[in-house]
Amino acid sequence: MPELEVASAVDVSGSFLGEHRAGLTSTFLTRIVPWGITFDPDGKIDIFTFSDGPASAHYVGYMDASNYADYVATNIVDKVPGWGGATDYAHVLRMILAHFGWGEKQEDAPLQPKKTGFFARLFGAGKPSAVEQPQADEAPRRAIVFFVTDGVGDDPEATTKVIGDAEREGHETFFVMVGMSNRSSEFPLLAKLAAKHGNVIFRKIEDIAAFNAMSDEKLNEFFLDEKLTAWLSR
């Protein structure tokens, strides 16, 4: 069973405020809590928010099985910097990569107990594996990031550079780019990143409430494809 950090970056631009206030994004985050419980050594998901400009990139804190209820209303709505702004991706992507300490050599870590369920069936759970030590700030940590936005992204060149540099330099971070909108929006930048880079997949959600109502099995199948499964398995 692979073990890695799990994070989510949540767009707080003006066009997405209605979904936040309606609780749709909070429910989405709740649905990925099992990924944190399954993969993350501490069972937590690191939450970031962003809109436009470097000051909007913000580390909110963590979400886990103890505090997920109404997480967005409690910790994000009208509380984070950049609330109601425009949409830049690159600043928060850089923050996330720095948060997980990329550029340093990984050190040995203790063996962790096996976990069961959907992911155990997919990746196997018979043998514990070595994982990064999250308490060591200088040690890089392998991570999967659910990047949630309803916007096109106003900084395509900067975003493409951040993703491309991370892939080229071997930073063990995989980005699940989630274009989420009930307005039939298109996400050409996210689709292009997924087509071009091995550390990105793109998923589009057009009916957020229907997606949030999916079974765990269907939701996991929605995210997992050959590219992500291969990255998790290596």
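The values are calculated or read from the model by the stated rules, or taken from the named source; none is laboratory data. Predicted model, so just to flag it, every value in this text is computed and none were measured. Cβ: placed from backbone, ideal geometry, glycine included. Neighbour counts: every protein chain shown. Only protein heavy atoms, including side chains, enter the accessible area calculation; ligands, DNA and RNA are left aside. Shrake-Rupley method; radii C 1.70, N 1.55, O 1.52, S 1.80 Å.
For Met177, Met95, the ranking by accessible surface with the largest value first comes to Met95, Met177, using a 1.4 Å probe. Taking Lys and Arg as +1 and Asp and Glu as -1, the other residues whose beta-carbon sits under 13 Å from that of Val10 total -3. Just report the Cα centroid separation between segment 78-103 and segment 27-75, whole Å. Cα centres, segment 78-103 to segment 27-75: 13 Å. Can you tell me how segment 1-67 classifies by the Cα gyration tensor, rounded, prolate or oblate, using a/c under 1.5 as the rounded cut? The shape class here is oblate. By the gyration tensor of its Cα atoms, with a ≥ b ≥ c the square roots of the eigenvalues, what is the shape of segment 136-234: rounded for a/c under 1.5, prolate for a/b over b/c, or oblate? It is oblate, given that a/c is not under 1.5 and a/b is not larger than b/c.
Ranking of Arg21, Arg141 by solvent-accessible surface, largest first: Arg21, Arg141 (1.4 Å probe, protein heavy atoms only, all chains present).
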